[in-house]
Structures are given as structure tokens and as C-alpha cells.
1. Given the alpha-carbon gyration tensor of region 4-282, what are the semi-axes of its equivalent ellipsoid in whole angstrom, ordered largest first, with each equal to the square root of 5 times an eigenvalue?
2. Which order do Val122, Val147 fall in if you start with the one that has the fewest other Cβ atoms within 10 Å?
3. Of the listed pairs Lys127/Lys213; Lys141/Lys230; Lys141/Lys212; Lys188/Lys230; Lys188/Lys276; Lys53/Lys212, which have alpha-carbon separations greater than 31 Å here?
4. Would you mind getting me the FRET efficiency between Lys188 and Leu232? Use the beta-carbon distance for r and R0 = 22 Å, nearest 0.05.
5. Quick one: if you stick a label point 7 Å off each Cα along the C-beta vector at Leu66 and Val200, how many nm between them?
6. Sorted by average packing, counted as other Cβ atoms within 10 angstrom per residue and highest first, what order do 268-274, 199-205, 11-17, 40-46 take?
7. Looking at the chain only, what percent of DSSP beta bridges run antiparallel? Nearest 5 please.
8. First select every other residue whose beta carbon is under 12 angstrom from the beta carbon of Arg69; then total the charges, Lys and Arg +1, Asp and Glu -1.
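Throughout, read-outs are computed from the coordinates displayed, never taken from laboratory work. Keep in mind that what you see is a predicted model, and the values were worked out from it rather than measured. Quick reminder, even Gly has a Cβ in these numbers, built from the backbone with ideal geometry, and neighbours come from all protein chains shown.
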Amino acid sequence: MVTVQDFDCTYENKWCPGCGNFGILSSMKEAFAALDLPPEKLLLISGIGQAAKTPHFLRCNLLHSLHGRALPIATGAKMANHDLTIVVNSGDGDCYGEGGNHFMNAIRRNVDLTLLVHNNKVYGLTKGQASPTSDPGTVTKAQPHGVIAESFNPLAVALSLGAGFVARGFSGDGEQLTRLIQAGIRHKGFALIDIAQPCVSFNRVNTHAWYKKRVYDLETENHQTDDLQKALALSFQWGDRIPTGIFFRKETPTFTERLGIIQDGPIISRTHDPQKLQDLLSAR
Ligand SMILES: Cc1ncc(C[n+]2csc(CCOP(=O)(O)OP(=O)(O)O)c2C)c(N)n1
Ligand code: SF4
Ligand SMILES: [Mg+2]
């Protein structure tokens, strides 16, 4: 039986005390243990940022990659070995800004992975510049006159592109977040969990208390997760009430299922003849 302690590691963690990332990290461990998922079957992939450091703090396979590039790397890893469970840790800047194009195309391909976006509405690692999810008017050291762009709505974009699992969690509700991560991993196909995450150092508006007053769980309101139009309408609700939980869920064939060439088993378990590649490279 897999336990939470199986994922413990001693790598030094320098997140600020009170950072929402701690809650996300413990929900991940709880969810993996509840799913009886051994560390060797799990691959965590990330880009760059405070959120992207998360895989370092769990004992499992990991790849800490480049700005915004976690999703294409995860797609390649899934193609090479679709027996692995792949979870991507990304931030609002890393995923929706630097990697925005990859976000859209991973959804369109329906790559079977779980994407956790630690959404603190700032670039935390680089000291609080505005990110794509910052609200218009947000003043930062780099935007002293306030953000002039509209904010990016990840849930609406994901739903519009046909994502089969779209959810929002809150780092301050560990029990719900653990359930969401388990459901995202069980979902066959692309699963987005955007996580409202306070940044105690650089976001003084969207604090833990601010979210606590506003978030509610769609499950308690009997939301039907097969209703795309309702899910889309809810994805625009942001203010006195902020919905969390599963907005939409529907399984369709995944990227690897549609790739006939890997139906006989993962590429890594096949024998290959290096001479064939050599011949191809030297062919004129
Ligand atoms: C090409 C390039 N662009 C930008 C940066 C700076 N940079 C590093 S991480 C990051 C954003 C991280 O923001 P987010 O994904 O929201 O993560 P957080 O730190 O908030 O968890 C930025 C802008 C960089 N180092 N190189
Ligand atoms: S700067 Fe913000 S996101 Fe980064 S560790 Fe500190 S609280 Fe967390
Ligand atoms: Mg961020």
C-alpha cells in the first residue's frame, strides 16, 4: 500500500511561510497515496516559477524543464511511455503566459495528463509582476499605472477548446483539492485543475481570507458536470462568489489512443535496430 510518507523528500524548500503552494503539495501527496500510485509510476513535469519547483519536494520521477514548455515535454513523455501517470505543475505565468500556445494545443490533442496550475495571479518567482490572470488595473512595481489588458480566463478557454475535465480548486481547502486531483488523474484524457493560490508576498488582494469568504463548492449546489453551457457560464463567475469543484467532465478518445502506432504497447518497451536510423540519416 502506498502512503503519503512514500513521497517525502528532504530537498530544501524556500517557499515563503504561508504560501499556498504548501497546501497544493500536501494535497498532491494525499491524492497519490489514496490512488495507491507508487512513486516509480508517477512522472511530475514542470516549467519555471515557484509553482514549477513543486516536483522537487516529492520523491518520484521528475523533470523540471523550461519556461512554459512543460506540456510539450509531457506530451512527448506520454507518447514514449503511456503507462506512466503524468502530472504537470505550472503557474499562471508559466502556463497561460509563456506556455499559452502549448496550453491550447495540449487541450486540443487531449493528451492524457493532469495539469495543476497554481494560480496566484502574479509572477511570484520574479517578484510580483502582473501575469495573464492579474485583474485589469492591478498595480505592481513593473506596472505602476496598473495592468491595461483584460485578464485571461483559463476555464472558459479550456471549455471552449473541448477539454474533457475542467475544475477549480483552492489551496486552502485541502480535502476538496485532494479529491479533485484524484478525479483529474482518474479521468482518461486532459484534465485541467486551476488552483486559486494566495501569494503572501506579492498579492495582497487575493489573500487566503479573501478567497475563504468567496469560494463555494459546486458539488453542494448539485451542479451537473455534463452541462457544457452551464459550465461555461460558471467559468465567468468571479466576484462575491467564486465556484470551485468540477465544472465539466466528459471522456473522449485520447491522443495516445488515436495514435495507431503505439497501440501495441509503450515505445520504450520495444526493441529497435539503431542501424535503420543510421541508414536513414546517411541516405541521400
Ligand atoms: C524567457 C524568460 N521569460 C521570463 C523569465 C522570468 N520568469 C521566470 S519564472 C517567471 C514566471 C513565473 O510565474 P508563474 O508561472 O505564475 O509562477 P509563480 O512563481 O507565480 O509560481 C518568469 C516571468 C525568464 N527567466 N525567462
Ligand atoms: S513569492 Fe509568493 S508564490 Fe513565491 S513562495 Fe512566496 S508566497 Fe509563494
Ligand atoms: Mg504565478
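1. Numbers: eigenvalues 194, 90, 76 Å².
One finds semi-axes of 31, 21, 19 Å for region 4-282.
2. Working: Val122 26, Val147 19.
Fewest-to-most Cβ neighbours within 10 Å comes out as Val147, Val122.
3. Numbers: Lys127/Lys213 26 Å; Lys141/Lys230 38 Å; Lys141/Lys212 27 Å; Lys188/Lys230 22 Å; Lys188/Lys276 35 Å; Lys53/Lys212 25 Å.
Violating the 31 Å Cα-Cα cut-off are Lys141/Lys230; Lys188/Lys276.
4. Values: r = 22 Å, r/R0 = 1.01.
After rounding, the FRET efficiency stands at 0.50.
5. Calculated label separation equals 3.5 nm.
6. On the way: 268-274: 8.4, 199-205: 17.1, 11-17: 10.9, 40-46: 21.6.
Ranked by mean Cβ neighbours within 10 Å, highest first: 40-46, 199-205, 11-17, 268-274.
7. Working: 6 of 35 bridges.
Beta bridges within the chain, antiparallel portion: roughly 15 percent.
8. Numbers: positive: none; negative: Asp94, Glu98.
Neighbourhood net charge equals -2.
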